[in-house]
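Right, one structure below, let's go through it.
The values are calculated or read from the model by the stated rules, or taken from the named source; none is laboratory data. These numbers were taken from a predicted model, which means no experiment stands behind them. Positions of Cβ are generated from backbone atoms using ideal geometry, with glycine treated the same way; all protein chains shown enter the neighbour counts.
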Amino acid sequence: MGKTIATKIFDAHLRDTPTPGNMILDIDVVMCHEITTPIAIMDLMEKGMDRVFDTSKIKAVIDHVTPAKDSKTATQGKIMRDWAKRHQIKDFFDVGANGVCHALFPEKGFIRPGYTVIMGDSHTCTHGAFGAFAAGVGTTDLEVGILKGVCSFRAPETMRVVLTGKLSSGVTAKDVILAVIKRLTVNGATDKVIEFVGPVVDAMTMAARMTLCNMAVEAGATSGLCLPDQVTAEYLWPFIKDQYSSLEVAVADFRKWHSDPDAHYVETIELEVSTLAPQVTFGFKPDQVKDVSELEGTPVDQIYIGSCTNGRIEDLRDAAEILAGKTLAVGVRGVVTPATPAIYSQALDEGIIKIFMDAGFCVLNPTCGACLGMSCGVLAAGEVCASTTNRNFNGRMGKGGMVHLMSPYSAAAAAVTGTITDPRKFLNNN
Amino acid sequence: MKTFGGPAILLDRSDINTDEIIPAKYLTEITKVALKPHLLEDLLLDGKPFDSQSPAMQQARVVITRANFGCGSSREHAVWAFEVNDINIVIAESFARIFRQNMFNCGILAIELPAADIEQIFKMRGELTIEVDLDKTEMTTRSSDPAQAPITCSFQMNPFDRDLVAAGGWLAYADKKF
Ligand code: SF4
């Protein structure tokens, strides 16, 4: 029987099989941020095991709360900084050079097709967009990853999500993934890998594929993957051009990771997206999803545009398309955080930052900030936020606050009207 | 190997996520013990805030709950928050992958039982105590109510997870092996 991309990656990285069904893999990239890594570092130090398995395979960033907001977060940053220095970790990104991990690391070319990637962060599945097996892990797994370069997983079972049709204007990868999660529910893909295929994925940019894979974990998936193709190769070209004689050669090489035609899937679901409307969550679970029309008119207090889901330049352009020449509705606060310094700089060059500022938005430096309710836009009890992030859990953006997840188009439309609004009203070609 | 079991508390809800188990604002702590007073602080049961400071919660050594427990963020802080409150087993219909892995990585138990067994336990009256026999992979639930007969359920335990528990967690296991 043929193999799926996940099985091929597992087989290529297999170090040990302690029991049938459990596989210990060699890890290509161990990514670290200041929320889940410091305790691992402290524990290794206490145990006299303060070592790293391979300095070049460790990538580290301070991104969740940056610049530090208080003594505790300053200490977390310092632990990371001292550790990176002690072990000469070259790819460490500190204030000024830092951005949201799942936007920054791909941008630096750290992720390649066929790689195994772990991080102490559940949205590590984002990097599956490159045809890598990328999974979020806890601090102990991270600790062992740092020390030994290995991680244990159950043998992958793959669920195939086939996306057919063509997205209509104003409908984006965010709306697609929300619709997929609604269909699968929050544990529909638990312990499984999701492989996203079909013409809709083929037509997506890397940014859109990252948005898609980013939320695979919200359906419980271990990782979400796209098959690496021409789009992947073009994105990675600056980093791989010495390795391949031409783009075509790279694309052909990437094909070795593609799932075989007779590969086994535990389940295949198909979603026709041509008639899909913009999607919005309600309630406290990311599978509580409705068409925007069903929530139309719900008042909001804050707009949040950013995060590893939708803080890329493509997302800022979408929002700016609606915000250009308009202002925030009276009484509504707008917060935008471009996900990396490069995105911020690009947005400046394109005049997008000006559009946000003219509309009355507060433009933050790249950071996770309010996405997880730690800083920079935390909600008060009873407040409602239209957000481009990925989690609407109770208390996520601040105790007693309510978060509606949506696309950058929809968040921008809500900014202008002060209520949840179908963004297609503001788009010319509709 | 450490011993497992003790007084149980029932959390009658599915999809309890790690933000509810330990809110992100406490992730700035760099010691596990600082998490102690904040366990389950943002949990809603029946739409109402759960009393995480109740005597029953303080005494609990075992948590019994429904499906997809520990979904959401990868934060191992959720497991540590249980650990520092002396909770050594979580029993559920199913777990989110990262949470379950984090439990065994810390050398404590995440036990999956069929929905019907969980339902039976939820129906028991009185205060409940759990005993676990890891060799037989059996657990017995006893009630303080003498009219209530104990219930014994068997569960599956992956040999690798058992090795992790025996080693005292994944770091100790991996350090020996790799
Ligand atoms: S932006 Fe939000 S979801 Fe993404 S890594 Fe940061 S806190 Fe996590």
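Some notes on this structure:
- Consider the stretch A:362-396 and keep the residues that are small (Gly, Ala, Ser) and part of a helix (DSSP H, G or I). The one that is nearest to residue B:16 (Cα to Cα) is A:370.
- Residue check: residue B:77 meets all listed conditions (1) buried (at least 24 other Cβ atoms within 10 Å of the Cβ); (2) within 17 Å of residue B:162 (Cα to Cα) but one, namely (2).
- Among the residues of the stretch A:397-412, just one is within 14 Å of the ligand (Cβ to nearest atom), part of a loop (DSSP other than H, G, I, E, B) and either farther than 24 Å from residue B:40 by Cα or in contact with a Cys (Cβ under 7 Å, 6 or more places away or on another chain) (or both), namely A:397.
- From the list A:317, A:312, A:391, the lone residue that is charged (D, E, K, R), under 30 Å from residue A:93 (Cα atoms), surrounded by fewer than 20 Cβ atoms within 10 Å (Cβ to Cβ) and touching a residue at least 12 places away in the same chain (Cβ under 8 Å) is A:317.
- For the stretch A:70-101, residues that are away from the ligand (no atom under 16 Å from the Cβ), surrounded by 18 or more Cβ atoms within 10 Å (Cβ to Cβ) and within 14 Å of chain B (Cβ to nearest Cβ) total 2.
- Verdict on residue A:373 being in contact with an Asp or Glu (Cβ under 9 Å, 6 or more places away or on another chain), among the small types (Gly, Ala, Ser) and either away from the ligand (no atom under 11 Å from the Cβ) or farther than 17 Å from residue A:214 by Cα (or both): yes
- Index of the failed condition, residue B:102 passing every other in (1) at pLDDT below 95; (2) within 14 Å of another protein chain (Cβ to nearest Cβ); (3) closer than 23 Å to residue B:25 by Cβ: (1)
- Residue in the stretch A:222-235 that is in contact with a His (Cβ under 7 Å, 6 or more places away or on another chain) and either assigned to a loop (DSSP other than H, G, I, E, B) or modelled with pLDDT under 95 (or both) present: yes
- Counted residues, the stretch A:27-68 - those being farther than 29 Å from residue A:337 by Cα, at the interface with chain B (Cβ under 10 Å from one of its Cβ atoms) and touching a Gly at 6+ places or on another chain (Cβ under 7 Å): 1
- For the residues A:27, A:39, the requirement of being within 23 Å of the chain's Cα centre (by Cα) and either within 16 Å of the ligand (Cβ to nearest atom) or buried (at least 16 other Cβ atoms within 10 Å of the Cβ) (or both) singles out A:27.
- Residue within the stretch A:295-307 that is within 14 Å of another protein chain (Cβ to nearest Cβ), within 12 Å of the ligand (Cβ to nearest atom), in a helix (DSSP H, G or I) and in contact (Cβ under 8 Å) with a residue 12 or more places away in the chain present: yes
- Of the set (1) at pLDDT 95 or above; (2) farther than 30 Å from residue A:46 by Cβ, all apply to residue A:155 but (1).
- Residue check, residue A:1 of a type in the set (A, V, I, L, M, F, W, C), touching a Ser or Thr at 6+ places or on another chain (Cβ under 8 Å) and either away from the ligand (no atom under 16 Å from the Cβ) or within 14 Å of chain B (Cβ to nearest Cβ) (or both): no
- Any hit, the stretch A:403-417, residues being crowded, with 23+ Cβ neighbours inside 10 Å and within 13 Å of another protein chain (Cβ to nearest Cβ): yes
- Among the residues of the stretch A:362-387, those identified as away from chain B (no Cβ under 14 Å) and crowded, with 22+ Cβ neighbours inside 10 Å are A:366, A:385, A:386, A:387.
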